[in-house]
Amino acid sequence: MFKFRLKSIGMPTGLVLILAWAWMAQGCFQKGPADTVRVGLPDEPRTLNPWLASDVNSRSILRLIYQPLYQRDPETLALVPWLAAQLPVYDAGRRTYTIRLRSARWSDGRPLTAADVAFSGRLIKAFNLPGASHWRCVEHIETPDDHTVVFYLKQPYAAFINRTLQVSILPAHCWQPIADEARKMEKPLAWLLRRENRSPVGSGPFVLKQWHRGAYLYLERNPRFFGSGAIIAGRPLGPHIQGILIKFFGTTDVAMLALRKGTIDVYQQHIQPGYLEMLEQTPHVQVMVSEKSALYYMGFNTRRQPFNDVHLRRAVALLINKDFIVERLLQRQGTQMW
């Protein structure tokens, strides 16, 4: 497939973190609690149902509540055991992956066990939930003990570690009754996807304390988070704060005003280039830009006409004025990849 790509720096669909160093000009700002970080988001999360969440705001919050077996190191992209205690052990003869779990608890105090991992995988397969394509390779799952999970594969699957094993694990004691109720419905999948997740029980560093629709969402530190005080992949884990107050802004103008006034500490995502110069000239604001924050590309379905014609794809590549996109549309906040 031909792809035209632009690597964007600090553009609307990318990730831009703006940190307001309020302690550098305390007299000018409305101070919040010292142990709470106030984060601004452009939009309210659409849902906290882990199966329905597809927008970046919902997913960023759910990642603080639910945890996967493995994460990727943010710098090296190496596989890091998370809920798992070690890297998976593969038996080529039996086509199995064996995983040992860390000692962890859910936010309600109940232990997180192999049964929860097996339940999560079986639920995805049974309801054909989003991501189910990565579970079709799994023939069945066994749990020899509370801290061991064995995945039996139908055939080798290259994306098993990168995709299948990085799904968030859900508590069986909370979701089993929901799944049982869904099976009674005429459309079980649709019913499950519409299910509101008002009080999520998770294993992450934070728990949902309050969600005032249209205004804010407050996450409180999870005292049972398995990583608190631990060192994983050479990094000491927190959380080192008591809570995160997430405010929703309907317009960028209002959010930028809040940032400059110091009523929020961090603004995440959706910073248009026109605001960058203003923010860079604000003494108490530091603009942090990631060159890996967004990737724009045009892709063709080469199995259909006329996109299966390489000459057409080359013509489109030549016709697109990449310099105009970078200079005028992205206002020099992007880079051509090719």
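The values are calculated or read from the model by the stated rules, or taken from the named source; none is laboratory data. Keep in mind that this is a model prediction, so the values were computed, not measured. A quick note on method: Cβ atoms are made from the backbone with ideal geometry, for glycine too, and the neighbour counts reach across all protein chains shown.
Please work out if MET288 is surrounded by fewer than 17 Cβ atoms within 10 Å (Cβ to Cβ), out of contact with any His (no Cβ under 6 Å at 6 or more places or on another chain) and more than 30 Å from ARG213 (Cβ to Cβ).
no
For segment 118-166, what are the residues that are at pLDDT below 95, part of a loop (DSSP other than H, G, I, E, B) and under 22 Å from LEU192 (Cβ atoms)?
PRO130, GLY131, ARG163, listed by residue number.
Considering ILE169, ILE232, ILE161, which residue is of a type in the set (A, V, I, L, M), within 18 Å of LEU101 (Cβ to Cβ) and surrounded by 17 or more Cβ atoms within 10 Å (Cβ to Cβ)?
Selected residue: ILE169, the only one of ILE169, ILE232, ILE161 that is of a type in the set (A, V, I, L, M), within 18 Å of LEU101 (Cβ to Cβ) and surrounded by 17 or more Cβ atoms within 10 Å (Cβ to Cβ).
Among the residues of segment 235-251, write down those that are over 20 Å from ASP35 (Cβ atoms), buried (at least 18 other Cβ atoms within 10 Å of the Cβ) and out of contact with any Gly (no Cβ under 6 Å at 6 or more places or on another chain).
PHE248
Scanning segment 311-338 for residues that are in contact with a helix residue (DSSP H, G or I) (Cβ under 7 Å, 6 or more places away or on another chain) and assigned to a loop (DSSP other than H, G, I, E, B), which turns out nearest to ASP265 (Cα to Cα)?
If we take residues in segment 311-338 being in contact with a helix residue (DSSP H, G or I) (Cβ under 7 Å, 6 or more places away or on another chain) and assigned to a loop (DSSP other than H, G, I, E, B), then GLN333 is nearest to ASP265 (Cα to Cα).
For segment 206-235, give me the residue count where each residue is over 18 Å from ASN57 (Cβ atoms) and assigned to a loop (DSSP other than H, G, I, E, B).
Residues in segment 206-235 being over 18 Å from ASN57 (Cβ atoms) and assigned to a loop (DSSP other than H, G, I, E, B): 11 in total.
Does segment 187-202 contain any residue that is over 27 Å from ILE244 (Cα atoms), modelled with pLDDT of 95 or more, part of a loop (DSSP other than H, G, I, E, B) and out of contact with any Pro (no Cβ under 9 Å at 6 or more places or on another chain)?
yes
Counting only residues that are more than 20 Å from the chain's Cα centre (by Cα) and either surrounded by fewer than 17 Cβ atoms within 10 Å (Cβ to Cβ) or modelled with pLDDT under 90 (or both), how many does segment 263-283 have?
Result for segment 263-283: 12.
I'd like the full set of residues that are loosely packed, with under 15 Cβ neighbours inside 10 Å and closer than 14 Å to GLY227 by Cβ, limited to segment 86-115.
SER103
Considering only residues that are surrounded by 17 or more Cβ atoms within 10 Å (Cβ to Cβ) and in contact with a Lys or Arg (Cβ under 9 Å, 6 or more places away or on another chain), look in segment 52-78 and name the one that is farthest from ARG198 (Cα to Cα).
ASN57
When ARG38 is evaluated against the numbered criteria (1) more than 28 Å from LEU193 (Cβ to Cβ); (2) among the basic types (Lys, Arg); (3) modelled with pLDDT under 95, which criterion, by number, is the only one it fails?
Among (1) more than 28 Å from LEU193 (Cβ to Cβ); (2) among the basic types (Lys, Arg); (3) modelled with pLDDT under 95, ARG38 violates only (3).
Please work out which residue is surrounded by the most Cβ atoms within 10 Å (Cβ to Cβ), limiting yourself to segment 116-128 and to residues that are in contact with a helix residue (DSSP H, G or I) (Cβ under 7 Å, 6 or more places away or on another chain) and of a type outside the set (Val, Ile, Thr).
ASP116
If you go through segment 236-258, how many residues are small (Gly, Ala, Ser) and not in a loop (DSSP other than H, G, I, E, B)?
Total satisfying the criteria: 3.
Out of LEU257, LEU319, report the one residue that is farther than 25 Å from TYR216 by Cβ and either in contact with a strand residue (DSSP E or B) (Cβ under 8 Å, 6 or more places away or on another chain) or among the aliphatic types (A, V, I, L, M) (or both).
LEU319
Among ARG163, ARG110, ARG100, ARG94, which is the only one that is farther than 19 Å from TYR70 by Cβ and touching a His at 6+ places or on another chain (Cβ under 8 Å)?
ARG110
I'd like to verify a number: residues in segment 55-97 that are among the β-branched types (Val, Ile, Thr), free of Cβ contacts under 8 Å to residues at least 40 places away in the same chain and in a loop (DSSP other than H, G, I, E, B), how many?
Qualifying residue count, segment 55-97: 1.
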